[in-house]
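Colleague: Quick one: this structure, given as structure tokens, is what I'll be asking you about.
Where a number appears in this text, it was derived from the coordinates with a stated rule and is not lab data. Note that the structure is a prediction, hence the values are computed from the model and not measured. Note: ideal-geometry Cβ built from the backbone for every residue, glycine included; neighbour counts use all protein chains shown.
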Amino acid sequence: MSFEITGKIVAKFDVVQRTESFRTREFVIEKVEDFNGKFISQFIKFQLVQDRTSLIDRFREGDEVKVSFNIKGSRWEKDGRVNYITNLDAWRIELLTPSEEQPSPGSQTSVANEYNTYSSPPAEGEDDLPF
């Protein structure tokens, strides 16, 4: 099942090589919601895996984006203790509104070419997790 959410990019993290053949990268968006005139910020952390870790490269903090993602969960047990892990696996990021920052000298001037990044959703049953 696929979900979508819009928000402003507030953090981008480096790629983490989890195993020899598995890598991840995380980023965070801020989703501001209006609750009867009171604005509440929600900070949502997403994970990019394998060849999708570069999807966030073309975006800057402050950009308003739409993120398409899947929810993945796993059960993990060690030393008799059980833990459950939930990940929001992003597979597409689309620019809605660029940040107020000006592009650096020598960068591309076309917003459409510089920012829009598309990816296909993971195939049904495809699992990027190493366990």
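Colleague: Please enumerate the residues belonging to segment 56-78 that are in contact with a Leu (Cβ under 9 Å, 6 or more places away or on another chain) and surrounded by 14 or more Cβ atoms within 10 Å (Cβ to Cβ).
Modeller: 56, 58, 59, 63, 64, 65, 66, 67, 69, 70, 72
Let's see how each residue does on (1) assigned to a strand (DSSP E or B); (2) in contact with a Ser or Thr (Cβ under 9 Å, 6 or more places away or on another chain); (3) surrounded by 14 or more Cβ atoms within 10 Å (Cβ to Cβ):
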site: 11; (1), (2), (3): yes, no, no
site: 14; (1), (2), (3): no, no, no
site: 26; (1), (2), (3): yes, no, yes
site: 48; (1), (2), (3): yes, yes, yes
site: 54; (1), (2), (3): no, yes, no
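Colleague: Is at least one residue of segment 79-94 hydrophobic (A, V, I, L, M, F, W, C) and surrounded by fewer than 10 Cβ atoms within 10 Å (Cβ to Cβ)?
Modeller: Yes.
Colleague: Which of the residues that make up segment 28-58 are under 12 Å from residue 7 (Cβ atoms) and either touching a residue at least 12 places away in the same chain (Cβ under 8 Å) or of a type in the set (A, V, I, L, M) (or both)? Can you show your working first?
Modeller: First, pick out the residues of segment 28-58 that are under 12 Å from residue 7 (Cβ atoms): 28-33, 41-46.
The answer is 28, 29, 30, 31, 32, 42, 43, 44, 45, 46.
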